[in-house]
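The values are calculated or read from the model by the stated rules, or taken from the named source; none is laboratory data. Fair warning: this is a prediction, and the values are worked out from it, not measured in the lab. Neighbour counts are summed over all protein chains in view; Cβ atoms, including those assigned to glycine, are modelled from backbone coordinates with ideal geometry.
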Amino acid sequence: MRMIIDTDAGVDDAQAIMMALASPDVTVEAITTVTGNVHVDKVVPNVLTVLDIMKKDAPVYRGADRPLIADWSPEEHVHAEDGLGNWQNRPNTQRRAESEHAVNALIRLANQAPGQYTLVALGPLTNIALAAQLDPSFPVKIRQFVFMGGTIQAMGNTANLTSEFNIYCDPEAAYMALRVFPMATMLSWETTLAHPMTWPQFEALTELDTDAARFMKATSRVTVELIKTYRYPGYLLPDPLAMAITLQPDLIRQSAEYAVTVELHGTHTRGQTIIDHMARSGHKPNVRVIQKLDIDGVAALYRRMLA
Ligand code: RIB
Ligand code: CA
């Protein structure tokens, strides 16, 4: 599998990227970055650090530094000020991002190898929308487009109660992306809530005696405290679940295809993914919504990447 990862890393993004880098049958051929959890100028060094930790190489491209239209402010309460849990004694990286803009890289790669790349988006879809605007053939030249984002029954995690962060951060980009990809795969916030990693599993993994496990433990501290405040039943894995079902589709236990668009104007609902559950809109299904998956299989992928 030839993969491109678009990310606003992000503590869980980092784990999703590690999972891909540790997969023997995947080549991560590009990592494109976008402003989301934190500003893209912090996302880039976070991604470079993940490459250092995993001792793997991949070109990293700096992308959009703000949403298309929406105002932006950092989500420091979830990912901390540096986007990686304010991880102390963080080693400096010698790596640097490429000079090519992420959107140009996305378009170049899709045209160099049409139908070859699996694109996994882990943050706001700003780069994806810009690529499709600049080159309308971009979506059909992507083999599979998977994104973490959206809500199935309007159970969101942002100021708009119905909206999930990646979509809420850049609703126009999500609206544009879902209109042009023939069939996107969506890993929603409710699916994330329904499939937590148990605390015993989390503790066993982060106690492994490896740099990768120590990195996961150190960078997830802030998020763990937040999750425990909300009394969630375990450690939440939004981006890693999107990556896991891409790497191993047999982990999917239930999914369905729906016509999905994005609310842009609602006072309380801007950024909500609007799902045509009853097929009443007359629009063709454009999104495969993942509903159930094998969380034990995901834990096995974590063991592989942290070992
Ligand atoms: O709503 C969860 C999403 O927002 C994840 O991608 C997380 O990294 C944050 O970007
Ligand atoms: Ca993310």
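Odds and ends about this structure:
- Residue within region 78-93 that is charged (D, E, K, R) and without any contact (Cβ under 8 Å) to a residue 40 or more places away in the chain present: no
- Given (1) crowded, with 24+ Cβ neighbours inside 10 Å; (2) out of contact with any Pro (no Cβ under 8 Å at 6 or more places or on another chain), number of the condition E76 does not satisfy: (1)
- Being β-branched (V, I, T), more than 9 Å from ligand 1 (Cβ to nearest atom) and touching a helix residue (DSSP H, G or I) at 6+ places or on another chain (Cβ under 6 Å) holds for only one residue in I152, I167, and it is I152.
A quick yes/no check of all residues on (1) aromatic (F, W, Y); (2) within 13 Å of ligand 2 (Cβ to nearest atom); (3) in a loop (DSSP other than H, G, I, E, B); (4) in contact with a Lys or Arg (Cβ under 8 Å, 6 or more places away or on another chain):
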position: M3; (1), (2), (3), (4): no, no, no, no
position: D13; (1), (2), (3), (4): no, yes, no, no
position: I17; (1), (2), (3), (4): no, yes, no, no
position: A20; (1), (2), (3), (4): no, no, no, no
position: D25; (1), (2), (3), (4): no, no, yes, no
position: V38; (1), (2), (3), (4): no, yes, yes, no
position: P45; (1), (2), (3), (4): no, no, no, no
position: D52; (1), (2), (3), (4): no, no, no, yes
position: K56; (1), (2), (3), (4): no, no, yes, no
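- Any chance L68 is outside any loop (DSSP other than H, G, I, E, B) and either modelled with pLDDT of 95 or more or under 22 Å from P139 (Cα atoms) (or both): no
- For E257, the test of being on the phi < 0 side of the Ramachandran plot, touching a Lys or Arg at 6+ places or on another chain (Cβ under 6 Å) and of a type outside the set (A, V, I, L, M) is passed.
- When residues in region 233-263 are screened for being away from ligand 1 (no atom under 16 Å from the Cβ) and part of a strand (DSSP E or B), 9 of them pass.
- The listed residue being modelled with pLDDT under 95 and of a type outside the set (S, T, N, Q), out of P238, P233, P285, P249: P233
- Output for region 77-134, where each listed residue is under 26 Å from V222 (Cβ atoms) and small (G, A, S): A80, G83, G85, A97, A121, G123
- Checklist (1) under 18 Å from T158 (Cβ atoms); (2) out of contact with any Phe, Trp or Tyr (no Cβ under 7 Å at 6 or more places or on another chain) applied to V262, failing item: (2)
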